[in-house]
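Have a look at the structure below before the remarks.
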Amino acid sequence: MTGKDSARTRYEVAVIGGGFAGPLLAAVLARNGVRTLLVEGEEAPRFAVGESMVPYTAALARVVARRYGVPEVEHLTSLEGVRREVSSRCGVLRNMGFVHHRPHLRQHPGEIYQVVNPSVVPPVPHLFREDVDAHLLGVARRRGADVRTGSGARVEGIRIDPDTGVSLRTAAGEEFTAEYVVDAGGRHGPVAQELGLREEPAPARHHSRTLFTHMTGVTPYDATVAGRLHDQPSPWHQGTLHHVFDGGWLWVIPFDNHPRSTNSVCSVGLTLDARRHPARGLAPQEEFDRLLARFPDLAEQFRHAAPARPWTATGRLQYSSKRVVGDRYCLASHTAGFVDPLYSRGLAHSLEVVNALARRLIDAAHDGDWSTGRFQYVEDLQQALFDAHDDLVYASFVSFRDFELFNAVVRTWTVSTVLGALAVENACAAYGRSGDDAVFRDLEQTRHPGSPLPGSAHYNSLGPLTRTLCEEVEAGTRTPKEAADGIFDAIGRADYLPPSLGLGDPDDRFFHNTPARIARAARWVRTDAPDEIGALLKGAMGGLIRERLRGVRRPG
Ligand SMILES: Cc1cc2nc3c(=O)[nH]c(=O)nc-3n(C[C@H](O)[C@H](O)[C@H](O)COP(=O)(O)OP(=O)(O)OC[C@H]3O[C@@H](n4cnc5c(N)ncnc54)[C@H](O)[C@@H]3O)c2cc1C
């Protein structure tokens, strides 16, 4: 389509933003017959963060790929797929690791925690976003979306008329019209700005700011003096490593951690409680160096490290929106709001939202009915995801002061990410058997959008309980030990967790599903598990085993 033709075209959906969510959504829509425009206001290559992808994220990407018939998205779900089809510059994530530090002291070897990906799931990638976003833009284009990129395509003006639709004006002066607009422009998304949708100040409990870059010369933590004393099952450098300390945390996301990687950098970022560590106008490198001076075992890991690109430093990271869905528009995930990179939830949220939103947009285009009520679930989902993550991150930051408490709070996250992944695997397996889209629609009939166990009052109160206990610690009305005991007690009473997984045992600091543990969990599913979780685990485990066998049989 030439520029002139497309300027005359009335699109059904205009998507703003060519990061991760925008091209993904545009590809899905175009593949399903929706006339789609995608505009990205910067030229490639574009640096972006959002690099750590957990199995939960990979499972959601597989759902989007299969439900909407875009197999190119499935390449992102495994290291092998990414390496073969997308980029050799991605790393591997075999575990999520946490090392607790105290200022000016040697790291205590017992104060560590690790979640190891189950061997039945293929290793997932650390996404080198520059290449991944370019891949997704290409997919959107090949699937039939009209894609515009570069400074001229930056959206500078938006008019929304609830009755007639949307018109966009770009920096180059082109005008585009559409029935509906999705803003996937991130923090500065133009619809959010133009309609004044941001909550000021953001009401999130959590306050943080961050500085990040890519670095060369980062020593694998396993090779440091402290790292050599650890007994965790999977090497730290084979996953996303979180160094946590009172007042903040630091991520290390290696792209150089498998033999076929052609990338020598690690993503490194420091996230600090913005109230306790306000920005004082220091250069980011100086602030980073001052942090290293406080933590001797961190300093060793970065002794030979140097930034491979300029640092990015932000103000307060949290932002949110009064509404994320309105007449003829939706803000998608990272545009709707953001809490903190802790636990790598951002890409998963993007995929959850694309999954829920795409179905509604395809149906709306088919029916010619764009009424706002059709999108209410997407509003509820995004607000629920934001609140749950805010609770968890807030509680985690409180817990960083005391390993015993962190060791408890991190279990609440483990429960949510493991059950989240299993619920998605279960749905994916059910869809694989029936091909019936009702599998996904039924999941949306719930008072707890985004919850893996909507029927379990206990599960759905675990996050709020964890947050409340940590609020009491912060207020000084409860000790960290009491709060930790309260969380472990709640997890110990969770009848939906196979006891063999050890989640309620403070001394069991590695969530590592050996074949023996899985066999015991399978026995529990057959004999003792309550109905909802029993069916979920049975479906998910069966699906994962079938996937594994398919993978083994697949040629090449
Ligand atoms: C510091 C940090 C670390 C993170 N780490 C992780 C992680 O490890 N794992 C994880 O899962 N998530 C992480 N996230 C979240 C993750 O970055 C986002 O979920 C993810 O990038 C979602 O992408 P997006 O496409 O919605 O937005 P973005 O990636 O922000 O892309 C938005 C795009 O819109 C374009 N744009 C903006 N305005 C306009 C306009 N007016 N016209 C045209 N184009 C426009 C921009 O140029 C940009 O390309 C992190 C976030 C932050 C802030």
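The values are calculated or read from the model by the stated rules, or taken from the named source; none is laboratory data. The shown structure was predicted, so the numbers you read here are calculated from the model rather than taken from an experiment. Positions of Cβ are backbone-derived with ideal geometry, glycine not excepted, and every protein chain shown enters the neighbour counts. Side chains are part of the model used for accessible areas, which takes the heavy atoms of the whole protein and leaves out ligands, DNA and RNA. Shrake-Rupley method; radii C 1.70, N 1.55, O 1.52, S 1.80 Å.
Between beta-carbons, use under 15 Å as the cut-off and find the net charge around residue 188, counting Lys and Arg +1, Asp and Glu -1. Display every interim value, and only then the final one.
Working: positive: 46, 154, 187, 198, 316; negative: 40, 42, 156, 183, 194, 200.
So the surrounding residues net to -1.
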Crossing angle, helix 457-475 versus the chain [Cα axis fit, 0-90 degrees, rounded to tens]: 70
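Taking the convex hull of the alpha carbon atoms in segment 403-553, what volume per residue do you get, in Å³? Spell out each step's value before the answer.
On the way: hull volume 18.0 nm³, N = 151.
With only Cα atoms used, segment 403-553 gives 119 Å³ per residue.
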Stokes-Einstein translational diffusion, segment 169-243 - Kirkwood Rh over all Cα pairs, 1.306 mPa s, 10 °C, in µm²/s: 89
What is the spread of the Cα atoms of segment 29-102 along each of their three principal axes, largest first, in whole Å? 55, 30, 24
Cα long-axis angle, helix 284-294 against the chain (0 to 90 degrees, to the nearest 10): 20
Values of log10 I(q)/I(0), in the order q = 0.18 Å⁻¹, for segment 424-469 under a Debye, Cα-only, solvent-free model: -0.62
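Which whole-number value in Å² is the accessible area per residue of the chain, probe 1.4 Å? Mind dumping the intermediate values first?
On the way: 21650 Å² over 556 residues.
Roughly 39 Å² per residue, with all protein chains present.
In the chain, what percentage of the DSSP-assigned beta bridges are antiparallel, given to the nearest 5?
Numbers: 47 of 72 bridges.
Roughly 65 percent of the beta bridges in the chain run antiparallel, per DSSP.
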Provide the three semi-axes, in whole Å and in decreasing order, of the ellipsoid equivalent to the chain as defined by the square roots of 5 times the Cα gyration tensor eigenvalues. 36, 28, 23
Folded to 0 to 90 degrees: helix 55-67 orientation relative to the chain principal axis, Cα: 30
CD proxy, 222 nm, the chain: helix-only mean residue ellipticity via -39,500 (n - 2.57) per DSSP H run with n ≥ 4, per residue, nearest 500, stands at -13500 deg cm²/dmol
